[in-house]
Amino acid sequence: MSKLRVAVLGAKGRIGAEAVRAVEAADDMELVAALGRGDRLETLVDSGAQAVVELTTPASVMGNLDFCVRHGIHAVVGTTGWTDERLARLTAWLDGSPETGVLIAPNFSIGAVLTMRFAEQAARYFESVEVVELHHPGKADAPSGTATRTAQLIAAARARAGTAPQPDATVTALDGARGADVDGIPVHSVRLRGLLAHQEVLLGAEGETLTIRHDSLHHSSFMPGILLGTRRVVTTPGLTFGLEHFLDLN
Ligand SMILES: NC(=O)C1=CN([C@@H]2O[C@H](COP(=O)(O)OP(=O)(O)OC[C@H]3O[C@@H](n4cnc5c(N)ncnc54)[C@H](OP(=O)(O)O)[C@@H]3O)[C@@H](O)[C@H]2O)C=CC1
Ligand SMILES: O=C(O)C1=N[C@H](C(=O)O)C[C@H](O)C1
């Protein structure tokens, strides 16, 4: 069987470098290009890439995806910075290239995907929910894409269940003291040398609390998800948001 021809964008970055090694080590894949900033996107076409793993920056990702979709190259995207407006633009591009697939995964690690699922399940049963994400100080954005997605899923689950708004009598003395507000869920961002990527979902009810914590201790935690996403995206046209759609979590 012929190998899947895969390229990595952001190949010299923290996660991109790990993805290059993972693709090279996969028996069913061939790494045909490993591009960094300033490299020509035309290389993707010249190399015959069937799928691209996009791990760059929020400032670069849209231009890269525009190119990939126009050339019918499937994409697996870990880069953060997704807004409704960006998703709408990407969906419109995909409408014009109906056989192309794009997976956007706020987090590729199985533990983080399960954290989101467990938080979504628990959200309706607790009066209070807050999200704390903790990352290395080189991270470009805050809050993390994972924390934003987690908070959105929690808020949606609470809205579906008709859960009352969170109790909070605070009058804040300093802006930011209660974190960012993502759909009514407070999200707090910590940047600390020594950390990689971590998240806690804190849930509280009368007389009890539940903490769901996940720790990515190495970039290798993201690789099984990247490889799975790459194998699946080539046969899944359109936009898929979240690795959970390629997992059987039930
Ligand atoms: N979904 C997930 O599971 C994960 C997602 N991420 C996300 O992935 C992204 C990258 O993270 P990280 O590796 O830590 O960041 P880094 O800054 O280490 O890496 C980004 C790399 O992309 C390069 N780059 C920038 N623009 C382009 C471009 N147009 N074409 C090709 N390469 C480009 C940068 O080059 P230069 O240094 O020259 O600017 C850099 O080498 C972030 O958005 C992060 O949040 C990270 C881990 C897991
Ligand atoms: O920048 C990182 O490191 C990570 N980014 C993603 C995010 O913003 O959620 C995924 C993971 O947290 C690591």
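Consider segment 96-121 and keep the residues that are crowded, with 20+ Cβ neighbours inside 10 Å, part of a loop (DSSP other than H, G, I, E, B) and of a type in the set (S, T, N, Q). The one that is farthest from ligand 1 (Cβ to nearest atom) is THR100.
I want to confirm something. Restricting to segment 30-73 and keeping residues that are part of a strand (DSSP E or B) and within 20 Å of GLU99 (Cβ to Cβ), which single residue is most open to solvent (accessible area, probe 1.4 Å)? My answer is VAL32.
Test each condition in (1) open to solvent by 40 Å² or more (accessible area, probe 1.4 Å); (2) in a loop (DSSP other than H, G, I, E, B) for GLY81 and report the one that comes out false. Of the numbered conditions (1) open to solvent by 40 Å² or more (accessible area, probe 1.4 Å); (2) in a loop (DSSP other than H, G, I, E, B), the odd one out for GLY81 is (1).
Just one of the listed residues (VAL131, VAL76) is more than 9 Å from ligand 2 (Cβ to nearest atom) and either within 20 Å of LEU239 (Cβ to Cβ) or not in a strand (DSSP E or B) (or both), namely VAL76.
The values are calculated or read from the model by the stated rules, or taken from the named source; none is laboratory data. Model, not experiment: these values are computed from the prediction. A quick note on method: Cβ atoms are made from the backbone with ideal geometry, for glycine too, and the neighbour counts reach across all protein chains shown. Just so you know, the surface numbers come from the protein's heavy atoms only, side chains and all, with ligands and any DNA or RNA stripped out. Shrake-Rupley method; radii C 1.70, N 1.55, O 1.52, S 1.80 Å.
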